[in-house]
Amino acid sequence: MTERRPSGRVARVQGRPAATPVYHAIPSEGDGLCGVNYGEIRPGKEPGATAAGLLCRLLLGWKKDNPAIQRGVKYLSELGPSKTDAAMDFFATQVMRPVGGDAWTPWNRKLRDPLVQSQKGQGHEEGSWPPTDVAWSKPGGRLYQTVFNLAALEVYYRYLAIYREQDVDEAFPEQPDKGKPPEARE
């Protein structure tokens, strides 16, 4: 079985160990399984915050078969991609891709095809998407919408698969500390 190594550790990012427990206080605990749902300002069950929270959990080292991750993925899968919230789609796609399984293929199809079809194809707007009525999209405008939509579409190419040891070894071939526990590394 492949070991899951948090992305920051792979890239040797130094951080304060005390920062992690502060993060763990953010999720909603009302669903009986801490870490499934998240709110933007206070604990809750908001799709965009849930997608971002689950992605943070994955990047902090939670395994993809963790029950909270699986329930969160199920929740996002049942909702499907948003037609208006590009940030939610971006974060949820980054969760769905590495978790894979039965959730990824339908999610990808439901997100990719409509996004490609709705991209402007001519004039000065070519290659962009118009803003939606979502809180952050309107003030961010066409640039905001286009950046998040493109980033969601690039998830296959741009981001290292966080659960595949071979990908980590290929991306960071010279790791003199490989195999040592984090506390024993330089």
Checking ARG112 against (1) within 19 Å of the chain's Cα centre (by Cα); (2) surrounded by 12 or more Cβ atoms within 10 Å (Cβ to Cβ); (3) modelled with pLDDT under 90; (4) basic (Lys, Arg), the condition it does not meet: (3)
Count - residues of segment 65-77 that are touching a Lys or Arg at 6+ places or on another chain (Cβ under 8 Å) and outside any helix (DSSP H, G or I): 1
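Residues that are at positive phi and touching a helix residue (DSSP H, G or I) at 6+ places or on another chain (Cβ under 7 Å): does segment 72-88 have at least one?
Yes, segment 72-88 contains at least one residue that is at positive phi and touching a helix residue (DSSP H, G or I) at 6+ places or on another chain (Cβ under 7 Å).
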Members of segment 37-54 that are crowded, with 22+ Cβ neighbours inside 10 Å, closer than 19 Å to ASN108 by Cβ and either modelled with pLDDT under 90 or not small (Gly, Ala, Ser) (or both): GLY48, THR50, LEU54
Qualifying residues in segment 119-151 (those that are exposed (fewer than 12 other Cβ atoms within 10 Å of the Cβ) and assigned to a helix (DSSP H, G or I)) - the one farthest from the chain's Cα centre (by Cα): GLY123
Near pairs, Cβ below 8 angstrom, 6+ apart or cross-chain, from segment 118-130 (modelled with pLDDT of 90 or more) to any residue that is outside any loop (DSSP other than H, G, I, E, B) and of a type in the set (Ser, Thr, Tyr): GLY127/THR146; SER128/THR146; TRP129/SER118; TRP129/THR146
Yes/no for SER137 being within 21 Å of GLU40 (Cα to Cα) and polar (S, T, N, Q): yes
Residues (part of a helix (DSSP H, G or I) and closer than 24 Å to PRO131 by Cα) located in segment 78-95: LEU79, ALA86, ALA87, MET88, ASP89, PHE90, PHE91, ALA92, THR93, GLN94, VAL95
Inter-residue pairs, beta-carbon under 9 Å, first closer than 12 Å to PRO98 by Cα and in segment 43-69, second surrounded by 21 or more Cβ atoms within 10 Å (Cβ to Cβ) and aromatic (Phe, Trp, Tyr), 6+ apart: LEU54/TYR38; LEU54/PHE91; LEU55/PHE91
Residues satisfying the stated conditions in segment 47-64, i.e. in a helix (DSSP H, G or I) and of a type outside the set (Gly, Ala, Ser): PRO47, THR50, LEU54, LEU55, CYS56, ARG57, LEU58, LEU59
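The values are calculated or read from the model by the stated rules, or taken from the named source; none is laboratory data. Source: prediction; values computed, not measured. Here Cβ is always computed from backbone atoms with ideal geometry, including for glycine, and neighbour counts include all displayed protein chains.
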